[in-house]
Every structure is written in C-alpha cells, then in structure tokens.
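Down below is the structure, laid out as structure tokens.
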Amino acid sequence: MRGKVVCGVAVAMLWVAAGMLGLSEADVDKGAEEIVLFGGERGRVPFPHHRHQEKLGNCDICHSVYAQQSGIIQELKEAGKLQKKQIMNKQCTKCHKEKRRSGEKSGPTACTSCHIK
Ligand code: HEC
Ligand code: HEC
Ligand code: HEC
C-alpha cells in the first residue's frame, strides 16, 4: 500500500516537472509579431516586435517601463504616467542611435522612417 502511494507521488511529480519544462519555452506569450503604435499627427508607427525580441533577447529592456499589454503605452500617456514621445526618445531612437554609433546594425532615426501616414 505505502509503496503504491510513493510510486504514485513520484509519477505525479515527473508529470508536473514535464509540464513546467514545456511551459518555459512554447507557452510564453510573446505578443504580436508586428505592432502598430499610435504616433499622433506624425502618423502611426509600425513596430516589428518579434524581430526586436530575437535581436535584443531581453523583454525587460522595454517592458520594465510598460507592461506586456496591448495599448498600454497610449493608456499610460493618457493617464499622465508617460510623457508624449518619452518611449520614442528614451527607448526607440536612443537605442537606434547607440547601435549605429557602435557600428552595429540598427533601426531608423528619421521621423518619416518610423512614422507613416
Ligand atoms: C524593443 C522593445 C520591446 C521588447 C524588447 C519586447 N517588447 Fe513586448 N511590446 C513592446 C511594445 C511597444 C508593445 C506594445 C505596447 C502597446 O501597445 O502600447 C509590446 C507588447 C507586448 C505584449 C502585449 C500583446 C501585444 O502584442 O501587444 C506582450 C504579451 C509582449 N509585448 C511580450 C513580450 C515578451 C515576452 C518579450 C520578450 C521575449 C517582449 N515583449 C519584448 C515592445 C517590446
Ligand atoms: C524609431 C522610431 C521613431 C522615430 C525615428 C521618430 N518617432 Fe516619433 N514616435 C515613435 C513612437 C513609437 C511614438 C509613440 C510613443 C511615444 O509617444 O513615446 C512616437 C510619438 C511621437 C509623437 C507624440 C504623439 C502623441 O501625440 O502622443 C510625436 C509628436 C512624434 N513622435 C514626432 C516625431 C518627430 C518630429 C520625429 C523626428 C524628429 C520622430 N517622431 C521620430 C517612434 C519614432
Ligand atoms: C535596445 C535597442 C532597441 C530598442 C529599445 C528599439 N529598437 Fe528598433 N531596432 C533595434 C535594432 C538592433 C534593430 C535592427 C534589427 C535587425 O538587425 O534586424 C532595430 C530595427 C528597427 C526597425 C527596422 C526594421 C527593419 O525592417 O529594418 C524599426 C522600424 C524599429 N527598429 C522600430 C523601433 C521602435 C518603434 C521602437 C520603440 C517602440 C524600437 N525600435 C525600439 C534596436 C532597438
């Protein structure tokens, strides 16, 4: 009887462990591959989300400032918790300029390369 219970517990633990391993890779919500951000009168800003994830390898570079939630940047701006252009200047353009300066492949820094009408 006792042997059977121990055995059952061991099987259950293996099953849970396998489930957790499966979770770590496939089930992380990476959000949309492409996102279109609100850019005011300059026009909207297409953002290749997964490409940045692959290139940068760290979600927190961006998401330490805003949650992993659709529309959150605009929500925080409207609530006065982010300034207009704050993400643009402190994340997007800042990083692109730094990468370019250090000779790495980078993203756009001209207004009309990001904002489209
Ligand atoms: C270079 C910046 C950047 C990086 C790095 C980044 N994200 Fe995002 N993520 C964004 C932006 C911008 C949004 C859209 C926010 C909005 O709509 O206001 C977003 C939105 C999301 C969303 C919400 C769903 C959606 O598609 O809008 C999820 C989930 C998400 N990201 C997950 C991740 C994960 C997981 C990683 C790391 C593997 C990651 N992100 C890395 C910038 C980034
Ligand atoms: C690397 C891409 C990128 C470049 C280059 C860029 N922008 Fe932006 N811009 C954004 C993003 C993303 C937002 C939305 C997030 C924010 O407000 O920080 C934005 C927001 C804005 C807003 C505020 C919109 C609003 O009403 O909330 C203005 C105005 C603006 N940009 C003007 C400009 C001008 C002018 C230039 C050129 C000097 C420029 N942008 C260059 C990506 C960019
Ligand atoms: C921490 C660095 C970093 C941040 C933050 C960042 N980018 Fe980039 N971005 C890159 C790099 C590196 C590339 C070049 C990617 C490649 O080599 O494929 C790039 C490329 C791009 C491209 C060009 C993709 C193409 O098709 O050539 C766009 C558009 C872009 N970024 C927009 C944005 C916007 C909008 C934001 C802010 C919401 C942002 N990026 C934030 C590093 C960054």
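The values are calculated or read from the model by the stated rules, or taken from the named source; none is laboratory data. For clarity, every value in this text was computed on a predicted model and none was experimentally measured. Cβ sites come from the backbone with ideal geometry, for glycine too, and all protein chains shown count toward neighbours. Note: areas computed on protein heavy atoms with side chains; ligands, DNA, RNA excluded. Shrake-Rupley method; radii C 1.70, N 1.55, O 1.52, S 1.80 Å.
Computed with a 1.4 Å probe on the full set of protein chains, the accessible area for V36 sits at about 100 Å².
What is the list of residues in the range 49-63 whose amide nitrogen lies under 20 Å from a point 7 angstrom out from the Cα of R101, following Cα to Cβ? Label zone hits: 56, 61-62. Taking amide H as placed 1.01 Å from N in the peptide plane, the amide H of I35 sits under 5 Å from that of F47, H49, each at least 5 places away or on another chain. For R44, the amide hydrogen comes within under 5 Å of the amide hydrogens of G39, I116, counting only partners 5 or more places away or on other chains and with H modelled in the peptide plane. Computed with every protein chain present, the accessible area of S70 is close to 120 Å² [probe 1.4 Å]. Working note: Karplus 6.51/-1.76/1.60 with θ = phi - 60° gives the range 108-113 the couplings x, 10, 8, 3, 7, 7 Hz, where Gly and Pro are set to x.
What do you reckon, how do K117, K99 stack up by accessible area (1.4 Å probe), largest on top?
Putting K117, K99 in descending order of accessible area: K117, K99.
Find, among the GluC sites (Glu not before Pro) in the range 63-117, those assigned to loop by DSSP (not H, G, I, E, B) with at most 14 other beta-carbon atoms within 10 angstrom.
E104
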